[in-house]
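The values are calculated or read from the model by the stated rules, or taken from the named source; none is laboratory data. Remember, it's a predicted structure, so these values are computed and weren't measured experimentally. Cβ placement follows ideal geometry from the backbone for every residue including glycine, while neighbour counts extend to all protein chains displayed. To get the accessible areas, we keep the full protein, side chains included, count just its heavy atoms, and leave off ligands, DNA and RNA. Shrake-Rupley method; radii C 1.70, N 1.55, O 1.52, S 1.80 Å.
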There are 2 protein chains.
Amino acid sequence: MINNKSMNYPNGKKFNENIVSNNKKIINSGNRGMKFENDINITNDYYLRNGICLIYKRPTPVNIVHVDYTRNIITEAYFEKESTTDYNGVYKGKYIDFEAKSTKLKTSFPLSNIFKHQIEHLKKVIKHGGIAFFLINFSTLDKTYLLQASYIINFYETRDRESIPLEEIAKNGYEINKGYIPRYDYIKIIDKLYFK
Amino acid sequence: MINNKSMNYPNGKKFNENIVSNNKKIINSGNRGMKFENDINITNDYYLRNGICLIYKRPTPVNIVHVDYTRNIITEAYFEKESTTDYNGVYKGKYIDFEAKSTKLKTSFPLSNIFKHQIEHLKKVIKHGGIAFFLINFSTLDKTYLLQASYIINFYETRDRESIPLEEIAKNGYEINKGYIPRYDYIKIIDKLYFK
């Protein structure tokens, strides 16, 4: 069930912490991935309300087999294999596409967290001139980094190691300090990297 | 149930007509909207395979309430109110966002086919510099037009009429001739309008 924690923005508007949440993951609510994802959703909601950019969480692809139309309830459906990333949208006309991942580990980020089809998708995004990246959260350390997809793709494809050491991430990525509103101001980094 | 019609591309690769279809609408398979939507999905699949652009159909947002984890089946879920459009993606770095609509009528396109939240969404896309449009199909006439979202938004908001006459659409839009592969080569028009 959805736990609706509500809070107020400084402008007095109410909003719902789970407003843009991925349903599948609501079920796993409370896990580290969900916490980070919620923080990203809150950040995107802030961006939306303040006219900074337009980034949406893609709905979970579900294969619907049976619907009870008398009550309008889906009574049989299956999770589909996801073929893309969690988030996409637009910033200053440019196409934005990224994946947000969280790990409990303290020294490295395991590549097993990333799926081959996500790598393939992000390669296509880059090929078509879109801006592609990862947000990687080390939940135990409370540290978060933005990494350009090209870096992760290269690491993934050469696969010298099964995980990316934290020091490599710190060296090649951009740390995002956690705030209250917005939680993770990642678009500031995108702005510096692609629009300055 | 999904009816998997398969066919071959000239390059010999198999593909599935329903490969990128919206599940909710598969249930209503056979209706005019579904036919047009499938043609757009086939077009997007062609664009994807030929490296022309990257356009995805957004999954239907579903609110999942109960999952039987022993069999991994969703046993209770509800359709969520959709807040955006059907398609988005990237072409030459730019963000693309559009809605595809079909009508059986022969002389006009009723605005009741467009939802207020879609208008609000497309206004935001334009504000952020994205490319926003509608593909409008007159199924009985077998005629299809691309209309820039700004035109439709203006018509929608002034609302002098409840529908847009076909002659207005023909005058202000761009006709897309139906082909075999790709079915509706809409990106050619986008190219002329925004990249020349």
| note | Each label sits 7 Å from Cα toward the beta-carbon; between A:Tyr151 and B:Ser150 the label points are separated, in nm, by 3.8
| request: Pull up all non-local amide H partners of A:Ser102: gap of 5 or more, or a different chain, and H-to-H distance under 5 Å with H placed in the peptide plane. | output: A:Asn137
| remark: So the carbon and sulfur contribution to the accessible area of segment B:38-173, 1.4 Å probe, in percent, is 49
| Label A:Lys178 and A:Ile126 with points 7 Å out from Cα along Cα→Cβ: what is the distance between them in nm? | 2.9
| query | In terms of modelled amide H atoms, which long-range or inter-chain residues lie less than 5 Å from the amide H of B:Ile176? | reply | B:Thr144, B:Tyr145, B:Leu146
| field | Net charge dipole size for segment A:46-137 [Lys, Arg +1 and Asp, Glu -1 on Cβ; Debye, nearest 20] | value | 460
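Can you pick out the pairs among A:Lys192/B:Lys57; A:Lys123/B:Lys92; A:Lys94/B:Lys81; A:Lys92/A:Lys188; A:Lys188/B:Lys94 whose Cα atoms lie more than 22 Å from each other?
Working: A:Lys192/B:Lys57 31 Å; A:Lys123/B:Lys92 14 Å; A:Lys94/B:Lys81 27 Å; A:Lys92/A:Lys188 12 Å; A:Lys188/B:Lys94 19 Å.
The answer is A:Lys192/B:Lys57; A:Lys94/B:Lys81.
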| How many nanometers, to one decimal and shortest first, lie between the label point of B:Asn172 and those of its other copies, if labels sit 7 Å from Cα toward Cβ? | 5.0
| request: Read phi for every residue in segment A:102-115 and hand back ³J(HN,Hα) as whole Hz from Karplus 6.51 cos²θ - 1.76 cosθ + 1.60, θ = phi - 60°, with x for Gly and Pro. | output: 10, 9, 7, 4, 10, 10, 7, 10, x, 5, 5, 6, 10, 8
| remark: Buried accessible area between B and A, both sides, 1.4 Å probe, in Å² rounded to 100, is 3700
| task | For segment A:27-102, just say rounded, prolate or oblate: build the C-alpha gyration tensor, square-root its eigenvalues into a ≥ b ≥ c, call rounded for a/c under 1.5, and beyond that prolate if a/b exceeds b/c, oblate if not. | result | prolate
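Skip the ligands, DNA and RNA, and give the accessible area per residue of segment B:96-171 with a 1.4 Å probe, whole Å².
Numbers: 3250 Å² over 76 residues.
About 43 Å² of surface per residue is accessible.
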| task | Residues in segment B:53-72, backbone N under 18 Å from the label point at B:Lys81 (7 Å along the Cα-to-beta-carbon vector): list them, ranges by number please. | result | B:60-64
| query | What relative contact order, as a whole-number percentage, does segment A:120-196 give when Cα pairs under 8 Å and 6 or more residues apart are counted? | reply | 24
| For label points placed 7 Å from Cα toward Cβ, what is the shortest-first list of nm distances from B:Asp68 to its copies? | 1.3
| task | Tell me the distances, shortest first, between A:His117 and the same position across the other copies, using label points 7 Å along Cα→Cβ, in nm to one decimal. | result | 2.6
| Interface residues, segment A:77-105 - accessible area loss of 40 Å² or more versus chain alone, probe 1.4 Å | A:Ala77, A:Tyr78, A:Phe79, A:Val90, A:Gly93, A:Tyr95
| request: Can you find, among A:Ile74, A:Thr85, A:Ile126, the residue farthest towards the positive end of the dipole of segment A:60-147? Put +1 on the C-beta of Lys and Arg, -1 on that of Asp and Glu. | output: A:Ile126
| query | What does the charge dipole of segment B:70-196 about its Cα centre add up to, to the nearest 20 debye, if the Cβ of each Lys and Arg holds +1 and the Cβ of each Asp and Glu holds -1? | reply | 300
